[in-house]
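One structure is given here, and the rest of the page talks about it.
Derivation of every value follows stated rules applied to the coordinates shown; laboratory data play no part. Note that this is a predicted model, so its numbers are computed, not measured. Every residue, glycine as well, gets a Cβ built from its backbone with ideal geometry; the counts of neighbours run over all protein chains shown.
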């Protein structure tokens with residue numbers, strides 16, 4: 001019998017191994033499209049209880065046990081299933097313990113041994129299951145329900161976890177060690193299994209669960225705070241939208257001003273470092289170090305300009321319009337040449353009724369004279385007429401100039 | 001006396017009207033969390049009719065008055081009016097940042113905001129662009145720019161000036177929310193509770209209506 005079981009188990013595991021890809025695809029995808037598979041494979045997998053069909057016409061899914069194996073083995077955090085059914089496990093344990101006692105009493109040692117093995121298996125799997133549940137809960141707490149996106153989903157997940165914790169705790173309360181002790185009686189093996197080991201595990205689990213519960217409540221509080229703030233902001237916008245003429249009441253008009261609004265006017269302007277205080281030296285040094293040196297040497301080279309086609313053509317003729325004042329001065333010089341006599345610039349200005357201001361006229365005449373080339377300059381003579389400044393020596397005030405031929 | 005010098009910066013910040021939180025000034029925040037140093041700072045401030053006030057469950061500190069005379073009352077009510085006027089623009093901004101970055105939680109102290117990321121998200125979504133354009137024109141921000149870039153940069157610059165944001169590295173466009181935002185939530189909560197506006201309930205029914 002046992003060798004048969006052994007063989008069948010190995011066969012089942014081999015089957016799983018052979019279709020590992022398919023099993024994982026189904027695990028991740030939830031279901032599998034059997035059109036892609038060979039009918040023989042599908043039949044083998046369904047016959048062995050690896051895949052199953054929940055409803056006719058539905059796609060094939062992974063069976064619960066294989067899923068649980070993978071979730072546990074992969075420490076997949078999406079696993080939220082917690083087996084909180086302490087009652088039935090406890091009933092099984094009690095039943096098996098009674099079987100064992102009976103077999104012992106009737107001196108059927110082989111049967112007693114088999115029952116004891118079964119019982120240990122039950123007890124250990126029960127405690128393992130409990131520890132596993134707590135591990136799952138911690139995993140969810142530690143990543144703050146990171147597998148769901150929104151805060152409200154996190155709150156719902158948290159509430160689910162809390163209900164699971166209280167179910168587990170309620171289940172643990174059902175275990176009466178007094179009953180178990182009576183059941184174990186004075187049989188050493190039973191006492192070890194049912195009282196010592198179970199009690200130790202359960203008390204540590206119960207302790208851990210209460211810590212879990214505390215953390216869950218703390219997280220819930222934080223989530224609710226965040227959610228509350230979001231709602232507060234949204235509500236504020238909603239309210240001010242609905243009541244456009246709403247104004248906040250004057251909460252500071254009361255005799256007792258809420259401490260929240262008791263905020264003093266700023267009193268200080270920003271202070272500066274005192275350059276005469278040697279104690280401020282480090283601050284000054286830090287300031288100087290903070291000054292950025294601008295170095296133009298490391299500036300990126302300007303991109304070489306692209307060559308432009310150069311056309312060699314005759315330069316267009318252009319002329320600069322002459323300044324009329326300058327032209328008038330030239331005419332004045334010509335008049336001097338024509339007449340051959342010395343002539344006062346201001347008199348010329350007046351006689352020709354030129355529109356310029358006397359001072360700018362004189363400046364232009366002097367400038368025109370100085371601007372002549374040396375060759376031409378030697379033909380003319382410019383005689384400034386004016387007087388020495390009455391107070392400040394070395395200043396000569398020009399009232400008029402006279403230009404003549406040399 | 002040397003201890004007072006050690007907390008000189010902290011006292012200066014308080015007197016400048018700044019909010020002290022873990023993000024803006026961790027050292028000062030620790031000093032105020034410690035009852036002994038807090039008492040010393042308090043004693044110093046008391047001499048000029050100031051006191052260390054706190055908000056947001058003792059995580060944010062600021063400077064308040066000990067005795068309230070007519071003058072102080074006037075200042076406080078002017079400040080209160082200022083806060084009330086800035087509530088709507090600030091809340092709109094908070095909601096915009098939260099929605100544009102797709103987060104569940106609104107900004108709280110210490111939360112980073114990456115300006116370039118936020119900007120590209122706002123630029124890509126016409127509704128966010130509209131919201132930004134609307135809120136940047138409030139007097140609090142006073143933007144006249146028509147580009148998202150100009151608007152958002154100005155809004156962030158103003159928020160840094162007002163102390164709601166902190167820019168730890170001037171070369172990077174990463175900002176941190178300060179405790180002053182937590183203070184702001186408390187102000188809204190206070191108004192909500194004292195005026196019985198039941199803002200949260202309204203928002204909840206509105207969101208449930210949206211779901212339906």
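A compact table of results
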{"item": "Where only C-alpha atoms are counted, convex hull volume of the protein assembly as shown per residue in Å³", "result": "449"}
{"item": "Volume of the Cα convex hull of the stretch B:76-134, divided per residue and given in Å³", "result": "96"}
{"item": "Chain A: calculated mean residue ellipticity at 222 nm from DSSP helix runs of at least 4, using -39500 (n - 2.57)", "result": "-19000 deg cm²/dmol"}
{"item": "Inter-label distance, nm, simple model (7 Å from Cα along the C-beta direction), residue A:280/residue A:152", "result": "5.8"}
{"item": "C-alpha long axis of helix B:70-100 to longest principal axis of chain B, angle in °", "result": "40"}
{"item": "Segment residue A:207-residue A:55, length gained on full extension (0.36 nm per residue, minus Cα span)", "result": "50.5 nm"}
{"item": "Alpha-carbon centroids, the stretch A:233-278 and the stretch B:52-130: separation in whole Å", "result": "11"}
{"item": "Segment residue A:192-residue A:387, extension gain: residue separation times 0.36 nm, minus the distance between their alpha carbons", "result": "56.7 nm"}
{"item": "Taking N as its residue count, the alpha carbon Rg of the stretch A:77-244 over 2.2 N^0.38 Å", "result": "1.48"}
{"item": "Order of A:11, A:44 - criterion: other Cβ atoms within 10 Å of each residue's Cβ, fewest first", "result": "A:11, A:44"}
{"item": "Ranked B:166, A:130, B:75, criterion: other C-beta atoms within 10 Å, fewest first", "result": "B:75, B:166, A:130"}
{"item": "Residue order, fewest to most beta carbons within 10 Å, for B:19, A:369, B:141, A:396", "result": "A:396, A:369, B:141, B:19"}
{"item": "Relative contact order (%) - chain A, alpha-carbon pairs under 8 angstrom, separation at least six", "result": "9"}
{"item": "Within 10 Å of each Cβ in B:197-207, the average number of Cβ atoms from other chains", "result": "6"}
{"item": "Helix axis angle, A:198-242 relative to chain A longest principal axis, alpha carbon, degrees", "result": "40"}
{"item": "Order by protection proxy (mean Cβ within 10 Å, highest first), peptides B:62-69, A:351-358", "result": "B:62-69, A:351-358"}
{"item": "Angle in degrees between helix A:281-290 and the longest Cα principal axis of chain A, rounded to the nearest 10", "result": "80"}
{"item": "Helical mean residue ellipticity (222 nm; -39500 (n - 2.57) per DSSP H run of 4+; nearest 500) of chain B", "result": "-19000 deg cm²/dmol"}
{"item": "Residue mean of other protein chain beta carbons inside 10 Å, A:220-230", "result": "4"}
{"item": "Average beta carbon contacts from partner chains per residue of A:236-247, 10 Å cutoff", "result": "4"}
{"item": "Along principal axes, Cα extents of the stretch B:2-65, largest first, whole Å", "result": "26, 24, 21"}
{"item": "Rel. contact order, % - alpha carbon contacts under 8 angstrom, at least six apart, chain B", "result": "19"}
